[in-house]
Structures are given as structure tokens and as C-alpha cells.
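A.B. asks: Handing you this structure, nothing more for now.
The values are calculated or read from the model by the stated rules, or taken from the named source; none is laboratory data. Please read all numbers here as calculations on a predicted model, not as lab measurements. We place every Cβ from the backbone using ideal geometry, glycine too, and count neighbours over all the protein chains shown.
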Amino acid sequence: MNHDRYEDAYIRGILDEVKTIAVVGASANTVRPSYFVVKYLISKGYDVVPVNPGQAGKKIAGVMTAASLADIDRPVDMVDIFRNSDAAKGVVEEALRLNPLPKVIWMQLSVRNDEAARLAEAKGVKVVMNRCPKIEYARLCGEIGWAGVASNVISARKPKLQQGFQRFGINRQQKP
């Protein structure tokens with residue numbers, strides 16, 4: 001797998017397939033990017049489990065935090081790594097001890113560990129590196145364009161704005 005560039009279909013397929021996401025390195029600090037990602041993914045309907053040993057048993061963004069991946073009481077579809085590149089291998093090794101295995105290992109922006117990726121892919125686990133699922137979700141469903149950011153998704157249809165969070169989703173087609 002070429003981890004320098006991902007096809008939109010690959011990212012979309014992952015975000016559509018996974019339901020339970022463990023965010024390793026989630027922070028209780030409301031101004032940290034990991035907190036925003038946890039909160040955003042929850043708002044999109046994902047079952048998110050923050051993983052942070054210092055916050056275990058406490059809530060982050062309204063959901064209970066686990067101390068480690070092994071402490072999660074349900075199968076995890078995706079492990080989102082908010083740790084540095086050197087720590088990613090250890091997180092992947094821990095994830096590969098889960099039963100069942102996660103479907104996806106996702107390393108956040110600036111996190112890349114090719115050795116960890118090879119370990120996961122050798123077990124049949126999909127890998128994404130140096131990307132943010134919040135940004136990718138927003139880009140693929142067009143939300144990121146609402147802020148004036150070029151999303152590379154072209155549509156002649158104007159989104160129908162509603163009150164509250166916009167929830168078009170990555171696979172929902174808007175009707176004219």
C-alpha cells in the first residue's frame with residue numbers, strides 16, 4: 001500500500017465501515033485536537049472510546065475513558081493513534097493482540113511509522129497514516145467547504161442548511 005496518497009474511495013470505505021473507534025492518546029483538555037476529534041466522531045454517530053491511562057474511569061467528551069485497548073469491553077473496529085510516530089509501533093502491537101483484530105489502524109496528522117504499518121497490514125488490518133478522520137470525514141461529505149476550505153469535492157448542489165450540526169454523511173446523496 002502506498003501510504004503517501006490515499007484514494008477517496010479507500011478513506012470513504014473505512015469511515016463508512018467502522019462503527020467503534022478507540023482514540024489512543026485522547027485528551028480531556030477541551031482545546032486539544034484529540035478532544036475535538038473525539039467529540040466530532042461522536043456527533044457523527046460513531047461509538048468512540050477514549051484511551052488515556054491518566055484519565056481512565058473518567059469521561060472525555062461525555063464518554064468513559066479506558067486505560068488501554070485491552071480494557072475496552074467491546075470489539076474495536078478502528079484504532080486512531082494520537083501519539084507520536086515512535087509510540088505508534090507499541091500501540092499497533094497492543095492493537096494486534098486484541099481479539100477480534102481491529103479492521104483499521106489510523107495514525108493522526110504527522111504520525112507515520114512504516115514498520116508499524118507493515119505489522120498491521122501483515123495481519124490484514126488496513127492502515128492510514130498522517131491523516132485525521134475528522135478532517136477526512138468533513139472533506140468527503142463537503143462540510144469542510146462550508147468554512148471556505150478547498151475540499152477537492154466538486155458539486156453543483158448547494159447544501160440545505162438546517163439548525164444544529166449538519167449531518168449529510170459521507171455516503172448520503174443530497175436530493176435537489
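A.B. asks: Pairs under 8 Å by beta carbon, first residue farther than 13 Å from ARG131 by Cβ in segment 1-18, partner assigned to a loop (DSSP other than H, G, I, E, B) and modelled with pLDDT under 95, six or more apart or different chains?
C.D. replies: Final answer for the pair search is ASP16/ILE170; ASP16/ASN171.
A.B. asks: Another question about this same structure. Would you mind finding the one in GLU115, GLU121 that is among the acidic types (Asp, Glu) and touching a strand residue (DSSP E or B) at 6+ places or on another chain (Cβ under 8 Å)?
C.D. replies: Result: GLU121 is the single residue among GLU115, GLU121 that is among the acidic types (Asp, Glu) and touching a strand residue (DSSP E or B) at 6+ places or on another chain (Cβ under 8 Å).
A.B. asks: Here is a further query. Inspect segment 61-70 for any residue being without any contact (Cβ under 8 Å) to a residue 40 or more places away in the chain, in contact with a Phe, Trp or Tyr (Cβ under 7 Å, 6 or more places away or on another chain) and farther than 16 Å from LEU15 by Cβ and give the result as yes or no.
C.D. replies: Narrowing segment 61-70 to residues without any contact (Cβ under 8 Å) to a residue 40 or more places away in the chain: 61-65, 67-68, 70.
Keeping just the survivors that are in contact with a Phe, Trp or Tyr (Cβ under 7 Å, 6 or more places away or on another chain) gives 61.
Now narrow it down to the ones that are farther than 16 Å from LEU15 by Cβ: 61.
The answer is yes, given that some residue of segment 61-70 is without any contact (Cβ under 8 Å) to a residue 40 or more places away in the chain, in contact with a Phe, Trp or Tyr (Cβ under 7 Å, 6 or more places away or on another chain) and farther than 16 Å from LEU15 by Cβ.
A.B. asks: Further question: So which residues in segment 98-130 are aliphatic (A, V, I, L, M), closer than 18 Å to SER27 by Cβ and in a loop (DSSP other than H, G, I, E, B), if there are any at all?
C.D. replies: LEU109, VAL111
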